[in-house]
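Before any comments, here is the structure.
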C-alpha cells in the first residue's frame, strides 16, 4: 500500500496533537482533583479539631460541675462524645453533607453503631495500631462525600469507670442504657472511630466542568494549529515536491518540453529544483553535442 508524504505528515501531526491533548487534559484533571482533596482535607481537620475542643471542654469544665451538683443523676450532656455529636447535629441540620460521628463496635447508645463502611474502617484501625488516620471519597445516600476518620482508643483509666463492667458504671447510666451495651472495653483497645464528612460533589462537578472547558479550548487550539501547520507543510513542501517529482520523472523518460522545473516551496526545495534544472540543461547540451557529432560523422 502506497502511503503519500502528505498522509504521513498529517498522521504524525494528529498523533502529536492528540498526545498533547491527552497529557494536558489528564494533568489538569489530576491537579484539580488533588487541589479539591487538599481543600476537603483541610476543612475536615478543622472540623475534627473543633470536635476535639468541644470534647475537651465538656470533659474538663462541664462534667465536673454537673457531678458536683448531682452525683446521683446521669447527664448525657456531660459525655464528651454526646456533646460533640449534638453540636454537630446542628451543623448537619443546615447541610446534611457535613456530619460528625463517633461510632463504636460496642457502643453504649444504639445510635452510635457503625454502618458497614465505618465498620471496615474500625477494623482497619484495630489491625494496625500505627494507623492514625484514613481519608478518601465516600458515596453515601447518592451523594459524593469526602471523609476523614481517626481511631478512638482507650488511653485513660477514667474511660473504664463507665465501660468496664456494669457494676462499676454509674447506676444512673446503667438505668438509662441497660447492661448489654458499652461494656467490656480494655485499655489500649481501638473501640471505634471519629469520622467527619464534608461535601465535595459540587467541587467535583466544578472540576469536571473546568477540565471539560480546558479540554475544549485545547482541542480548538490544537485543531487550529493542526490545520495551519498541515496547510503550511502542504503548500511549502508536499505540493512543490510532488510537482518537482512529476517533472523529474518526465525528464527521466525523455519527455522534456523545455519548461523550467517548478521552483515553489521551501528554500531547500528551490535549491533542489535549481540543481535538477542545471543537471537537465547539462544533459540536454550533452545530448545535443552527441547528436551533432553523430550528424557530422
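The values are calculated or read from the model by the stated rules, or taken from the named source; none is laboratory data. Computed from a prediction, not measured in an experiment: that's the story for all the values here. Note that we place each Cβ from the backbone using ideal geometry, even for glycine, and neighbour counts take in every protein chain shown.
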Taking residue 188 and the conditions (1) under 24 Å from the mean Cα position of the chain (by Cα); (2) closer than 27 Å to residue 45 by Cα; (3) surrounded by fewer than 17 Cβ atoms within 10 Å (Cβ to Cβ), which numbered condition does it fall short on, given that it satisfies the others? (1)
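With respect to residue 191, is the statement that it is in contact with a strand residue (DSSP E or B) (Cβ under 9 Å, 6 or more places away or on another chain) and either closer than 26 Å to residue 89 by Cα or in contact (Cβ under 8 Å) with a residue 40 or more places away in the chain (or both) true?
Considered against the rule, which asks whether it is in contact with a strand residue (DSSP E or B) (Cβ under 9 Å, 6 or more places away or on another chain) and either closer than 26 Å to residue 89 by Cα or in contact (Cβ under 8 Å) with a residue 40 or more places away in the chain (or both), residue 191 comes out as yes.
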Just checking, does the range 137-154 include any residue being in contact (Cβ under 8 Å) with a residue 60 or more places away in the chain and surrounded by fewer than 19 Cβ atoms within 10 Å (Cβ to Cβ)? yes
In the set 133, 209, which member is without any contact (Cβ under 8 Å) to a residue 24 or more places away in the chain, surrounded by fewer than 17 Cβ atoms within 10 Å (Cβ to Cβ) and within 25 Å of residue 47 (Cβ to Cβ)? 133
The listed residue being at pLDDT 80 or above, under 30 Å from residue 158 (Cβ atoms) and surrounded by 12 or more Cβ atoms within 10 Å (Cβ to Cβ), out of 56, 63, 20, 28: 56
